[in-house]
């Protein structure tokens with residue numbers, strides 16, 4: 001029974017992840033379309049952060065000339081700067097909607113040379129209101145394409161590693177039928193992680209993409225999958241010696257008499 005169940009786990013994972021991984025290459029805009037809500041949210045946050053980072057140029061000469069009046073001048077300047085930032089933020093929804101409309105057209109010229117634009121507009125300087133809005137629009141275009149590129153890479157890594165691990169699980173289940181007990185543990189770990197990811201994608205899609213996009217969290221998940229991959233390799237090439245120790249240690253920790261031996 002366990003052997004059939006284990007192979008069903010592997011086959012299910014292969015059927016789920018391999019076609020999705022290949023789809024990201026056959027239709028490279030699939031992820032962008034699927035993650036449109038996340039991309040818009042991330043872009044809005046990055047634009048707000050960029051506006052908040054605007055500062056007046058610092059001048060030691062000006063401070064020397066103003067002397068004791070420098071503090072009062074700075075307070076007045078900060079108040080004007082705060083009003084300026086708020087004005088830009090008030091204009092963000094309209095500018096964002098216009099740029100998203102353009103960028104979601106895959107044939108738009110604005111999607112080209114985005115790396116160059118991101119470099120050019122990463123330094124957001126204080127200028128006239130209209131000039132600032134133009135710079136804001138250019139920054140949005142470049143940042144949008146940067147988010148799409150990074151998210152596409154992250155999703156491909158996620159799908160590719162999952163596909164590879166499930167293929168290995170299914171392969172080892174046929175090559176090493178005597179290792180069913182050892183394979184069941186990493187198989188359950190894979191099934192649980194896939195079920196959790198599927199839940200997030202179906203019901204909390206923005207959270208799913210946020211987890212993948214976040215370098216720290218994504219790296220943690222990658223380490224988790226690599227640990228499962230290492231167990232499968234141990235079973236396939238090392239007679240499951242290390243996996244045996246892990247399973248027996250866990251069984252002993254919960255007071256179970258269950259144990260396995262190297263296959």
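Taking R0 as 45 Å, what's the FRET efficiency between residue 11 and residue 85 from their Cβ-Cβ distance, rounded to 0.05?
Between residue 11 and residue 85 the formula returns 0.25.
Sort 226-232, 97-103 by packing, meaning the average of other beta carbons within 10 Å per residue, with the highest value first.
Most protected by this proxy first, the peptides run 226-232, 97-103.
Could you give the length gained on full extension between residue 167 and residue 227, defined as 0.36 nm per residue of separation minus the Cα-Cα distance, in nm?
20.1 nm
I need the peptides 43-50, 239-246 ranked by packing, meaning the mean over residues of other C-beta atoms within 10 angstrom, with the highest value on top.
Packing order, densest peptide first, comes out as 239-246, 43-50.
Between residue 153 and residue 107, what FRET efficiency follows from the Cβ-Cβ distance if R0 is 30 Å, with the result rounded to 0.05?
With R0 = 30 Å, the Cβ-Cβ based efficiency is 0.85.
I'd like to know how the range 1-44 sits against the 2.2 N^0.38 Å rule of thumb: what's its Cα Rg over that expected value?
In units of the 2.2 N^0.38 Å rule of thumb, it is 1.73.
In nm, to one decimal, how far is the modelled label at residue 48 from the one at residue 30, with both set 7 Å along Cα→Cβ?
Output for this residue pair reads 3.2 nm.
Taken together, the values in this text are just the output of simple stated rules run on the coordinates, not laboratory data. This structure is a prediction, so every number in the text was calculated from the model and none was measured. Cβ coordinates were reconstructed from backbone atoms using ideal geometry, including for glycine residues, and neighbour counts include every protein chain displayed.
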